[in-house]
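The values are calculated or read from the model by the stated rules, or taken from the named source; none is laboratory data. Quick caveat: nothing in here was measured; it's all calculated off a predicted structure. Glycine gets a Cβ as well: all are built from the backbone with ideal geometry, and neighbour counts include every protein chain shown. Note: accessible area is taken over every heavy atom of the protein model, side chains too, but ligands, DNA and RNA are not part of it. Shrake-Rupley method; radii C 1.70, N 1.55, O 1.52, S 1.80 Å.
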Amino acid sequence: MTALAPGFVDPPLAAQAVFRRLLDAMARPGMVVSLEAPPAPPPLALAAGAIALTLCDADTAVWLDPALRTAEVVAWLRFHTGCRIVGAAEDAAFAFAADTVALPFDRLPIGSDEFPDRSATAVVQVARLGAGAPLCLAGPGIETTTRLHVQGLPAGFVAWRARNHVAYPRGVDVVLVAGTQIAGLPRSTAVTEG
Amino acid sequence: MSLPGYNFAYLDEQTKRMIRRALLKAVAIPGYQVPFASREMPLAYGWGTGGMQVTAAVIGPDDVLKVIDQGADDTTNAVSIRRFFALTAGVRTTERTVEATIIQTRHRIPETPLTAGQILVYQVPQPEPLRKLEPRETETRRMHALAEYGLMHVKLYEDIARHGRITLSYDYPVLVNGRHVMAPSPIPSFDNPKMHRSPALQLFGAGREKRIYAVPPYTSVESLAFEDHPFHPWKANAPCGLCGATDSYLDEVVVDDRGGRLFVCSDTDHCTTRRAAGHRGAAAGHALAGAGE
Ligand SMILES: [Zn+2]
């Protein structure tokens, strides 16, 4: 067995720094934010790894799409976070995805009307943020409207977001990830092409 | 640096992760109260343990923390909380609104407009705006689920029928993002308009009631009202005796044993900053100013 990539060097301070940027990204949808991320086993993006180290533990069910469900990624996540890896997307508190074709977005939990917070957060890896096709965003955290350019967005993403938005306040929250960069797309954000 | 032998910002990492997950859901559903497993803090409930847990989950070594209690930086409560985070997180503290990156507050929003880099953390005693009308949690949760807020409007209308106007002057309910009715915490209704489309991130922590909620920047926050009875933020009809401000929220202070009274800014930083800039009220130079009250 090859050596496991290390996690955070100073966990309390590193996790705080990542969380703060993540909070910023979710509070200001579409803003591209950089994270200080330690090494993560490919194909897990560095920022996706940093998010897992910051938010996941024995209390969180983590689902990995087939592209990310490698022995190295599973071992790294289990060792550093102690999280439960679940086989069904329906059980996910956090869903990590790298496949750009087959995404089980509609199977992720969206919470109930009484408890809309009991819903998944999807960490979706894309090729690039700040370049590529434009998305138009509006909603809380955005002064008027804003544009987010994304390269390699999964097929059917915008149509799924429209369905997700109709279910509000239920819904899945998304963090787009590319390398060490992230952009938040909470369920409250209306996403259209162009 | 922070105090040796303590966790950074006091809370253990697992607790911080739990609070951080709740905070992200709160931001994603503005005005919705996210349940969380509130932890013991080394201060009694009523001293802002909910706000302290939120601050502890958010704060980092580069932050500059301001803590206000009813607008003042120098009450026992505010001083204790500031000292707590200076010790456990090694952060710099300030009394200046403009210098702060995080402001923890009990019962006020600073007069100085907040900016995009700032986070306002509210200490919340009762997070449920419908609780006085409906004691059952299952019922209030159902009302939020269905956006069934008729009861709240009936209550406000009864106030109008009885007094000719809405008499509620603090913890005045608001509608957030056009969807969730939210308790703004016991801030004066005078402060409600400051929440609307604020560039700052607003986070709310209720320790005893175990709820966290949030208002992201640039989010609609409307005070509930009726077409024929629009919302009127209440404020004393007087200028500040010390700095002459006519647009700040005032406290009425007894100044001598003959019942003499003075209206002064409740926001002490606002008043001090104005006086330093040369603004003078009718009672300028009063001993009260020197005492920093
Ligand atoms: Zn004044």
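Can you tell me which residue in the range B:231-244 is farthest from B:G281 (Cα to Cα), limited to those that are within 10 Å of the ligand (Cβ to nearest atom) and out of contact with any Cys (no Cβ under 6 Å at 6 or more places or on another chain)?
B:P239
Kindly provide the set of residues from the range B:102-117 that are surrounded by fewer than 19 Cβ atoms within 10 Å (Cβ to Cβ) and at pLDDT 95 or above, ordered by number.
From the range B:102-117, those surrounded by fewer than 19 Cβ atoms within 10 Å (Cβ to Cβ) are B:112-113, B:115-117; that's our starting set.
Listed by number, the residues that qualify are B:T112, B:P113, B:T115, B:A116.
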### Query
Of all residues in the range B:157-189 being aliphatic (A, V, I, L, M) and modelled with pLDDT under 95, which is least open to solvent (accessible area, probe 1.4 Å)?
B:I160
### Query
Taking A:A97 and the conditions (1) within 24 Å of A:A162 (Cβ to Cβ); (2) open to solvent by 40 Å² or more (accessible area, probe 1.4 Å), which numbered condition does it fall short on, given that it satisfies the others?
(2)
### Task
Just need a number here: residues in the range B:1-45 that are open to solvent by 40 Å² or more (accessible area, probe 1.4 Å), modelled with pLDDT of 95 or more and not charged (D, E, K, R).
2
### Query
Do we have any residue at all in the range A:141-158 that's surrounded by 16 or more Cβ atoms within 10 Å (Cβ to Cβ), away from chain B (no Cβ under 14 Å) and in contact with a Phe, Trp or Tyr (Cβ under 7 Å, 6 or more places away or on another chain)?
no
### Query
In the range A:143-194, what residues are closer than 20 Å to A:L23 by Cβ and among the acidic types (D, E)?
A:E143, A:D173
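When you scan the range B:210-248, how many residues do you find that are touching an Asp or Glu at 6+ places or on another chain (Cβ under 7 Å) and at negative phi? Walk me through it before giving the result.
Residues of the range B:210-248 touching an Asp or Glu at 6+ places or on another chain (Cβ under 7 Å): B:218, B:236, B:248.
Keeping just the survivors that are at negative phi gives B:236, B:248.
Selection size over the range B:210-248: 2.
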### Counted residues, the range B:211-254 - those being within 14 Å of chain A (Cβ to nearest Cβ) and either in a loop (DSSP other than H, G, I, E, B) or open to solvent by less than 30 Å² (accessible area, probe 1.4 Å) (or both)
10
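Scan the range B:46-84 for residues that are part of a helix (DSSP H, G or I), within 15 Å of B:K16 (Cα to Cα) and either modelled with pLDDT of 95 or more or in contact with a strand residue (DSSP E or B) (Cβ under 7 Å, 6 or more places away or on another chain) (or both) and report the count. So that I can check it myself, show each step before the final result.
Taking the range B:46-84 as the starting set, the residues that turn out to be part of a helix (DSSP H, G or I) are B:49-58, B:76-84.
Filter once more, so that each one left must be within 15 Å of B:K16 (Cα to Cα): B:49-58.
Of the ones still in play, those that are also either modelled with pLDDT of 95 or more or in contact with a strand residue (DSSP E or B) (Cβ under 7 Å, 6 or more places away or on another chain) (or both) are B:50-58.
Looking only at that region, the number is 9.
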#### Entry: Extreme residue, most open to solvent (accessible area, probe 1.4 Å), among residues of the range B:256-276 that are within 14 Å of the ligand (Cβ to nearest atom) and more than 17 Å from B:T112 (Cβ to Cβ)
B:F263
### Tabulated pairs, the range B:258-270, first in contact (Cβ under 8 Å) with a residue 12 or more places away in the chain and within 12 Å of B:C243 (Cα to Cα), second in a helix (DSSP H, G or I) and near the ligand (Cβ under 10 Å from one of its atoms), C-beta under 7 angstrom, 6+ apart or interchain
B:V264/B:C271; B:C265/B:C271
### Message
Can you pull out every residue in the range A:53-79 that is out of contact with any Phe, Trp or Tyr (no Cβ under 9 Å at 6 or more places or on another chain) and not basic (K, R)?
### Response
A:D57, A:A58, A:D59, A:P66, A:A67, A:T70, A:A71, A:E72, A:V74, A:A75, A:W76, A:F79
